[in-house]
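Below is one structure, written out as structure tokens, with a few remarks after it.
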Amino acid sequence: MSRALIAGNWKMNGLKASLSQVEAVAAAVGSGHGDVTALLCLPATLVAAGSESAEGTALRIGGETCHHNVKGAHTGDISAEMLADAGASHVIVGHSERRADHGESDAVVSAQASAALAASLVPIICVGESLAEREAGRTLERIESQLAGSIPDGVGAADFVIAYEPIWAIGTGKVASTEQIAEVHGAIRAWLSGRFGASGVETLILYGGSMNPANAAEILAVDNVNGGLIGGASLKAEDFLSIYRAAI
């Protein structure tokens with residue numbers, strides 16, 4: 001598979017002054033490099049300004065979550081349509097932090113992904129196991145359950161992205177071994193092929209779990225790893241671009 005996506009997730013970080021980092025990434029990405037897409041998913045307050053900063057370049061801007069309804073009495077929430085209106089092309093749904101902090105179930109994530117698709121956004125659907133689940137030998141069982149519950153019916157294999165994030169490796173500095181990554185990404189690919197047939201190879205599968213400039217090349221070389229969902233290392237243009245260049 002020749003396509004790849006390097007996506008940053010700023011989480012609850014970034015003020016207007018941080019747009020200088022977006023501008024630096026946009027300038028370096030320019031008109032793009034082959035089949036590798038650069039994406040920064042920003043807090044909602046920066047999506048519109050970030051889109052303006054990236055205008056005229058191949059850098060894409062995304063949101064970090066969305067509500068499953070188009071509009072309504074949902075104080076503090078943001079809809080996929082609003083994100084698209086602000087210039088977003090993608091949105092993260094089902095991140096483990098959203099699942100844990102906001103009680104978002106697989107059914108909610110599936111509805112969010114459907115809302116994203118209806119707004120012409122590409123949903124990045126996150127799955128991942130806890131340390132307890134891994135130690136109990138339930139990793140693949142957990143991942144496959146999340147895939148079944150979080151991917152909406154009626155979608156095509158190329159309509160969405162999957163991000164595998166072992167919860168125990170998010171923001172901890174711990175990284176799954178290449179063997180562990182290969183096992184899970186291979187299982188995800190097999191599951192996708194089971195559901196979508198031959199077109200199952202069209203879904204991009206990202207690894208997210210403390211990917212950084214030092215380990216990016218090794219992880220990106222693993223079979224069925226089609227990019228990364230980058231947390232802390234995406235906050236600095238230099239670090240993010242180092243990972244992006246490793247994918248080119």
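Every number here is computed from the coordinates shown, using simple stated rules; none is lab data. In this text the structure is predicted, and so the values were computed from the model without any measurement. Note: ideal-geometry Cβ built from the backbone for every residue, glycine included; neighbour counts use all protein chains shown.
A few notes on this one:
- Extension gain, residue 221 to residue 118: 0.36 nm times the residue separation minus the Cα-Cα distance gives 33.7 nm.
- Where a label projected 7 Å from the Cα of residue 214 along Cα→Cβ would reach, residues of the stretch 163-198 with amide N under 12 Å: 173-175
- Cross-link reach list, lysines versus residue 11, counting only Cα pairs under 22 Å and skipping chain neighbours closer than eight places: 174, 236
- For residue 233, net neighbour charge (Lys/Arg +1, Asp/Glu -1) across residues whose Cβ lies under 15 Å away: 0
- Ranked by how many other Cβ atoms sit within 10 Å of their own Cβ, fewest first, the residues 114, 145, 150 fall in the order 145, 114, 150.
- Positive minus negative residues near residue 19 (Lys, Arg vs Asp, Glu; Cβ under 15 Å): -1
- Note on 20, 31, 79: ascending count of other Cβ atoms within 10 Å places them as 31, 20, 79, the fewest first.
- The HN-Hα couplings worked out from phi for the stretch 235-248 by the Karplus form 6.51 cos²θ - 1.76 cosθ + 1.60 (θ = phi - 60°) are 6, 10, 3, 4, 5, 4, 5, 4, 5, 4, 5, 5, 8, 6 Hz, whole numbers, x standing for Gly and Pro.
- Estimated [θ] at 222 nm from DSSP helical runs (n ≥ 4, -39500 (n - 2.57)) normalised by residues in the chain, nearest 500: -11500 deg cm²/dmol
- Taking amide H atoms as placed 1.01 Å from N in the peptide plane, the amide H of residue 8 lies under 5 Å from those of 39, 40, 41, 230, each 5 or more residues away in sequence or on another chain.
- Going from the residue with the fewest nearby Cβ atoms within 10 Å to the one with the most, 211, 12, 82 rank 12, 82, 211.
- Counting Cα-Cα pairs of the stretch 96-232 in 10 Å increments starting at 0 gives whole-percent bin shares of 12, 45, 36, 7.
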